[in-house]
Amino acid sequence: MDRPTAGDGRTAADPDPLQRPTRPSGAPPREPNPAQILALGFAGVIVVGSLLLSLPAAWEPGRRVSYLDALFTATSAVCVTGLVVTNTAETFSTFGELVILGLIQVGGLGVMTMSTLFALLVGKRITFRERLIIQEALGQLSPAGMVRLVLYVATVTLAFELLGATLLTLYWWLAYDVPFGLAAYRGVFHAVSAFNNAGFDLFDSRRPSLERFAGDPVITLVVGGLIVAGGLGFTVLADLGRRLRHRRHRLSLHSRLVLVTTAVLLAVGTGLVALGEWSNPATLGSLPLDRKLWAALFHAITPRTAGFNMLPMAELTNLTVLTTILLMFIGGSPAGTAGGIKTTTVALLVATVRATVRGDDELVLMERRVPALVAAKALALAVLAAGLVLAVTMGMLLWDGHALEATVFEVVSAFGTVGLSLGITPELTPVGKVLILLTMYAGRVGPLTLAVALTRRGRRPRVLRYPEERVLVG
């Protein structure tokens with residue numbers, strides 16, 4: 001007897017080639033992909049940190065921190081943002097500050113980097129799957145050499161933080177007569193916070209962050225230098241190290257693109273801040289000439305996702321506010337401690353626009369051809385980031401009710417893991433706090449990684465190739 005067919009030559013028992021195969025009953029569950037593991041890892045550290053900051057031992061005497069505020073602070077620390085609903089030095093005890101410092105270090109290096117270092121210390125072998133997750137976390141192109149890269153990341157981080165802590169300790173001790181023990185404690189805390197682009201500080205609310213050091217060249221160079229170094233990315237730092245050891249070594253396209261874009265953003269940012277604030281008596285206007293330039297430079301550096309400020313944020317002119325928003329949205333560079341859509345993304349978008357206007361068939365940068373898929377990824381990242389910022393801003397305007405300018409600034413600061421604010425963070429409603437902490441989390445994990453973690457269930461094989469058809473654009 002003939003078996004019934006499906007009308008296309010297949011029997012009814014034959015599987016449909018266009019239907020996604022289902023997992024057999026009783027089969028083991030599919031393992032999470034690297035993006036999902038990274039997202040869950042950051043979430044787990046945030047939860048642990050929030051529980052620690054909820055303990056009375058983490059508070060100053062007479063202070064009390066709600067769980068939502070503890071969760072917000074832990075998220076801000078792990079996501080190396082620096083937005084705070086309450087002053088850190090006045091609210092948290094030494095134990096609480098050390099918890100925050102630990103969360104900053106874990107968040108800056110990355111969950112997988114820290115867990116890999118721990119595994120190496122106890123003699124555990126790093127599996128290939130774990131190397132794939134590290135590759136995803138550090139934004140590398142290949143899983144080869146991941147353990148060596150993790151060790152390099154740890155060494156470079158320790159070296160920069162130790163150098164920064166030493167310089168800050170000696171400067172505050174000798175130039176500002178701060179007791180050596182307090183100078184050392186603050187030096188370590190602010191060096192770790194600066195290199196990891198976190199923006200947490202230990203100064204009181206009368207002159208928060210680094211406002212008391214406005215235009216100080218030493219603070220600008222040390223703290224600003226740590227911010228830039230952390231924001232360049234470990235891939236670039238490693239490439240620069242090879243260049244210093246071997247003069248004939250040619251920097252990769254990625255490193256050259258990061259360095260050039262960073263230099264351009266710092267130069268343009270400094271110029272725009274100086275232009276906007278030069279005669280403003282509440283910011284640069286009251287400083288001598290040399291300190292004006294140093295303070296303008298620092299304010300161009302800090303939106304690169306650091307969050308420290310030397311100028312009172314509420315007194316900035318509209319030009320400086322807009323400049324800061326743009327710099328925060330761009331952020332730092334891939335494979336580092338910074339957030340934002342990243343410098344390379346902006347460079348690729350600009351290059352794509354130029355190539356399109358010129359009618360070029362290929363995207364060429366610095367005498368190198370860039371694959372179309374990389375440019376498409378940059379565009380996808382920018383669109384996802386802009387969509388996230390827009391959606392959260394609308395939610396904030398609906399539920400929180402602050403002015404549009406301050407709201408956009410707050411949301412972009414959260415997404416870029418920056419930590420700068422026009423002063424509305426302590427006034428956020430519970431809904432506003434939840435929206436901002438979710439935005440910080442999305443900004444640290446990365447909107448593209450988060451989208452993959454939430455949607456990918458395994459790659460579906462392509463069985464059809466559809467005909468091509470043009471679409472009118474513009």
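When the residues of region 237-259 are filtered to those that are charged (D, E, K, R) and over 16 Å from T345 (Cα atoms), which remaining residue is least open to solvent (accessible area, probe 1.4 Å)?
D239
Mind telling me which of the residues A184, A263 ends up being aliphatic (A, V, I, L, M) and farther than 16 Å from S333 by Cβ?
A184
Has region 209-227 got any residue that is part of a loop (DSSP other than H, G, I, E, B), within 22 Å of the chain's Cα centre (by Cα) and at positive phi?
yes
Looking at region 312-332, which of its residues are outside any helix (DSSP H, G or I) and either under 22 Å from the mean Cα position of the chain (by Cα) or closer than 13 Å to V408 by Cβ (or both)?
Initial filter on region 312-332 (outside any helix (DSSP H, G or I)): 312, 316-317, 331-332.
Of everything in region 312-332, those that are outside any helix (DSSP H, G or I) and either under 22 Å from the mean Cα position of the chain (by Cα) or closer than 13 Å to V408 by Cβ (or both) turn out to be G331, G332.
Go through (1) in contact (Cβ under 8 Å) with a residue 24 or more places away in the chain; (2) buried (at least 19 other Cβ atoms within 10 Å of the Cβ); (3) not β-branched (V, I, T) one by one and return the number of the condition E427 breaks.
(2)
Looking at the structure I just gave you, is A335 open to solvent by 10 Å² or more (accessible area, probe 1.4 Å), in contact with a helix residue (DSSP H, G or I) (Cβ under 7 Å, 6 or more places away or on another chain), in a loop (DSSP other than H, G, I, E, B) and touching a residue at least 40 places away in the same chain (Cβ under 8 Å)? Step through it out loud before you land on a result.
Working: open to solvent by 10 Å² or more (accessible area, probe 1.4 Å): yes; in contact with a helix residue (DSSP H, G or I) (Cβ under 7 Å, 6 or more places away or on another chain): yes; in a loop (DSSP other than H, G, I, E, B): yes; touching a residue at least 40 places away in the same chain (Cβ under 8 Å): yes.
The answer is yes for A335.
For region 50-113, list the helices (runs of 4 or more DSSP H) that sit wholly inside it and hold at least 3 residues that are under 17 Å from D204 (Cβ atoms); which are they? Write out each step before concluding.
On the way: elements: 67-78, 88-91, 94-109.
Where helices (runs of 4 or more DSSP H) fall fully within region 50-113 and carry at least 3 residues being under 17 Å from D204 (Cβ atoms), they are 88-91, 94-109.
In the list V264, V357, which residue meets the criterion of being open to solvent by 10 Å² or more (accessible area, probe 1.4 Å) and under 27 Å from R250 (Cα atoms)?
On the way: V357 fails: under 27 Å from R250 (Cα atoms).
That would be V264, the only listed residue that is open to solvent by 10 Å² or more (accessible area, probe 1.4 Å) and under 27 Å from R250 (Cα atoms).
Could you go through region 100-110 and let me know if any residue there is modelled with pLDDT of 90 or more, under 24 Å from T302 (Cα atoms) and in contact with a Gly (Cβ under 6 Å, 6 or more places away or on another chain).
Scanning region 100-110, I find at least one residue that is modelled with pLDDT of 90 or more, under 24 Å from T302 (Cα atoms) and in contact with a Gly (Cβ under 6 Å, 6 or more places away or on another chain), so the answer is yes.
Find all pairs meeting these conditions: Cβ atoms under 7 angstrom apart; at least six residues apart or on different chains; first residue within region 243-256 and of a type in the set (S, T, N, Q); second residue in a loop (DSSP other than H, G, I, E, B) and modelled with pLDDT of 85 or more.
Sorted first by the residue in region 243-256, then by its partner, the list stays empty.
Among the charged types (D, E, K, R), at pLDDT below 85 and over 23 Å from S209 (Cβ atoms) - does that describe any residue in region 443-456?
yes
Kindly establish whether L275 is open to solvent by 80 Å² or more (accessible area, probe 1.4 Å) and closer than 14 Å to L297 by Cβ.
Working: open to solvent by 80 Å² or more (accessible area, probe 1.4 Å): yes; closer than 14 Å to L297 by Cβ: yes.
The answer is yes for L275.
The values are calculated or read from the model by the stated rules, or taken from the named source; none is laboratory data. In this text the structure is predicted, and so the values were computed from the model without any measurement. For neighbour counting, all protein chains shown are included, and Cβ atoms are generated from backbone atoms with ideal geometry for every residue, glycine included. Only protein heavy atoms, including side chains, enter the accessible area calculation; ligands, DNA and RNA are left aside. Shrake-Rupley method; radii C 1.70, N 1.55, O 1.52, S 1.80 Å.
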